[in-house]
Every structure is written in structure tokens, then in C-alpha cells.
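Contents: one structure, followed by commentary.
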Amino acid sequence: MLNTMISLLRPIADASRPAVLRIGVGAYSVTQQVRRRKMFRSLHRQDPKRFKPVGVVSVLKRPLPPRVADAVLDLSLVTNVLATAGVAHRITGPANAALQWWTLTYRNSWGMIFHHDNMMLLHQSVLGVTRSADSLSVDALLRDGELLPERSGRTYGAVAPAMNVATCAIYLISGVAKVRSPRGWKWASGDTLRDQIAADALRKEVFGSTPPETARHVETSGTPFGVLAAVSLAVELGAPAALAHPRLGQLFAVGAWGMHWGIRRMMGIKFSYNTSGVAYLSFFPWGLPSSDSHAHLTGSSS
């Protein structure tokens, strides 16, 4: 049993495997950060009375001066680019993880807590504190003279499972929250889901935005909301099973990705990290196949 768990959680893998994940997640994060930079800067200039610090930002009693908050945001963008490129990753990786925690939590301290960045943030944290830049990086090029040095070991194989644990934990918490709601297990009947979609569509119309066309007819349509709700609940509560076997993990990834596209179609809510597919890269065997013959380069028992 111990050997099985080690094989699942710390398999031997080539250094390129976590490197692909670092580049994929990092590129997505950098793109999002550039797109939202203007929005974040405007947020820093809101009425200080709206500032309600949460999480790591709770150390503050009042918001940072806008220029200081802007500087921290821009520094987090710089470290994000450097960590993604694998430049001095042993420094920029952890620094970027810490700065992403700060900037995203600081955003959540202005009146509304957003959850859609949590998974990306946890993934970047795993990639930032592990050896995900020993391949396909500036560090590898400078140290080994090539982008794909022959390196493998359990150190590299542990990165993707750690990301998967974070992913499954988020979905499990979401599922538990549903069954702990006043509706309990009756949430699977679909009534709550239907009401949520209808209420969200109404809210969009009241505040001047356009709800999805499919949401306009939820009360009168024959859409099997019980099936949709049950499938959603099964994906979330069944998430830990994805850690038992790679094939189960891939099945879960496809199901979760489809669920988010359904949410986007029916409710117009964009979980962009999830619908992009980047959130589930760690469930698939990217990178070069590992070679046990050179695992000693990193120490397979480390």
C-alpha cells in the first residue's frame, strides 16, 4: 500500500513535466494579470471605507496608499514573468507565490470575496516552491547549456499530484458547501440550481447586462435540472477519487471542464481558468517520458 501511494503521489517523472505546467499556468496568470491591471489600479483608489481586509491582508488596518499598492501589483507582475520563464526560480518562484497571494487577497478586501482565482493561486504556489524550473527555463539553459537536460526523479513527479490535491480539495469543499446548505442533499433535485440560474438572469437584466439566452427560459423549459445538479454534485464530491488513478483523474478533469462550460453557457459566469483547460493540465502526462536510468541526477528518494 505504501509503494502504491508513493507511486501515485511521488512518481518518477522527467523534469520537463512540471516545467510544462509552470509555463502553462504562468502564461495564463501573466495574461490575466496584464488584462486586469487597470481594474486593480482603479480598485486601489476606492473609498477607504470599503476596505475590509481578509486573509493575509488582515495585517492591515487601513488600505495601502494607492501608489504603494500599484507598485506591489507591478512587482507581482514582474515576478510572475520571471517565474514563468524560469529566471532564478529558487528566488522568483516563492516570491511570486507570495506576491500573488497578497495582490489577489488585497483585491478581495474591497467588499466582495471572489473565489475563481483560488485554484490558480494554489497551483502557482505549488509550482513556485518546487523544482519546476529545472527544464524549459532560463535557469536550465544557463546551468546545463540546454533547455531539456536529462533530469528525472520523484522530486519532479510530486509536483503534478500536489496540484491535483489542491484542485480536488477545492471541488470537494464546494460540494460539501452545497449539501450543508439549508437544502441539504435535496440540492441534487435541481430546484436550487434552476432558481439560481433564474435569479442570476434576473439580476443581470436589472443591472443592465444581458443574460444568456438559455437562462431566459429556465422556468418553463424541460431542461432536466435534476440531472445537471446531480452530475455537478457528483463531480465535486467525487473529486478525491481522481487521486486514486491517473485515468480517474483524467475522467474527472474532462467532467469538471464540461461542467464549467455548462455553467458559462447557462449562467454566463466565466470561470476562465477552468474553461481554458489550463486548470486541469496537471491531470495529463505532459512532458518527456521519465527515464529511471538517470533518476540519480536529482535523487529519486529526495
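The values are calculated or read from the model by the stated rules, or taken from the named source; none is laboratory data. All figures in this text were calculated on a predicted structure; none of them were measured in a lab. Counting neighbours? That spans all protein chains shown, and the Cβs are built from the backbone with ideal geometry, glycine included. Calculation scope for accessible area: heavy atoms of the full protein, side chains included, ligands and nucleic acids excluded. Shrake-Rupley method; radii C 1.70, N 1.55, O 1.52, S 1.80 Å.
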How many residues does the stretch 198-215 hold that are surrounded by 15 or more Cβ atoms within 10 Å (Cβ to Cβ) and either modelled with pLDDT of 70 or more or not hydrophobic (A, V, I, L, M, F, W, C) (or both)?
5
When the residues of the stretch 26-47 are narrowed to those that are surrounded by fewer than 16 Cβ atoms within 10 Å (Cβ to Cβ) and in contact (Cβ under 8 Å) with a residue 24 or more places away in the chain, which ends up nearest to Gly277 (Cα to Cα)?
Ala27
When you scan the stretch 48-60, do you find a residue that is free of Cβ contacts under 8 Å to residues at least 24 places away in the same chain, surrounded by fewer than 19 Cβ atoms within 10 Å (Cβ to Cβ), over 30 Å from Arg143 (Cβ atoms) and touching a helix residue (DSSP H, G or I) at 6+ places or on another chain (Cβ under 8 Å), even just one?
no
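Every residue, every condition in (1) modelled with pLDDT of 95 or more; (2) more than 16 Å from the chain's Cα centre (by Cα), yes or no:
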{"site": "Gly26", "(1), (2)": "yes, no"}
{"site": "Val34", "(1), (2)": "yes, yes"}
{"site": "Val57", "(1), (2)": "yes, yes"}
{"site": "Leu60", "(1), (2)": "yes, yes"}
{"site": "Leu82", "(1), (2)": "yes, yes"}
{"site": "Ala95", "(1), (2)": "yes, yes"}
{"site": "Tyr106", "(1), (2)": "yes, yes"}
{"site": "Gly111", "(1), (2)": "no, yes"}
{"site": "Asp117", "(1), (2)": "no, no"}
Just one listed residue, out of Lys178, Lys186, is open to solvent by 30 Å² or more (accessible area, probe 1.4 Å), closer than 29 Å to Val56 by Cβ and not aliphatic (A, V, I, L, M), and it is Lys178
If I go through the stretch 8-25 residue by residue, how many of them are part of a helix (DSSP H, G or I) and open to solvent by less than 50 Å² (accessible area, probe 1.4 Å)?
9
Going through the stretch 263-297 one residue at a time, which ones are at pLDDT below 95, crowded, with 20+ Cβ neighbours inside 10 Å and under 19 Å from Tyr156 (Cβ atoms)?
Gly287, Ser290, Ala295
Could you look through the stretch 244-262, keep only residues that are in contact with a Phe, Trp or Tyr (Cβ under 7 Å, 6 or more places away or on another chain) and surrounded by fewer than 20 Cβ atoms within 10 Å (Cβ to Cβ), and pick out the one that is farthest from Leu2 (Cα to Cα)?
Trp257
Please go through the stretch 61-114 and give me each residue that is under 16 Å from Lys49 (Cα atoms), open to solvent by 70 Å² or more (accessible area, probe 1.4 Å) and of a type in the set (D, E, K, R), ordered by number.
Lys61, Arg62
Please list, ordered by first then second residue, the pairs with beta carbon atoms under 7 Å, 6 or more apart or interchain, first in the stretch 75-86 and small (Gly, Ala, Ser), second surrounded by fewer than 19 Cβ atoms within 10 Å (Cβ to Cβ) and assigned to a helix (DSSP H, G or I).
Ala85/Val138; Gly86/Val138
Read through the list (1) in contact with a helix residue (DSSP H, G or I) (Cβ under 9 Å, 6 or more places away or on another chain); (2) surrounded by fewer than 16 Cβ atoms within 10 Å (Cβ to Cβ), then give the number of the only condition that Cys168 fails.
(2)
May I ask you to list the residues in the stretch 258-273 that are out of contact with any Ser or Thr (no Cβ under 7 Å at 6 or more places or on another chain) and part of a helix (DSSP H, G or I)?
Gly258, Gly262, Ile263, Met267, Ser272, Tyr273
Give the stretch 33-85 a look and list any residue that's hydroxyl-bearing (Ser, Thr, Tyr) and more than 30 Å from Val20 (Cβ to Cβ), or say none.
Ser42, Ser58
May I ask you to say which residue of Asp144, Asp117 is among the acidic types (Asp, Glu) and open to solvent by less than 30 Å² (accessible area, probe 1.4 Å)?
Asp117
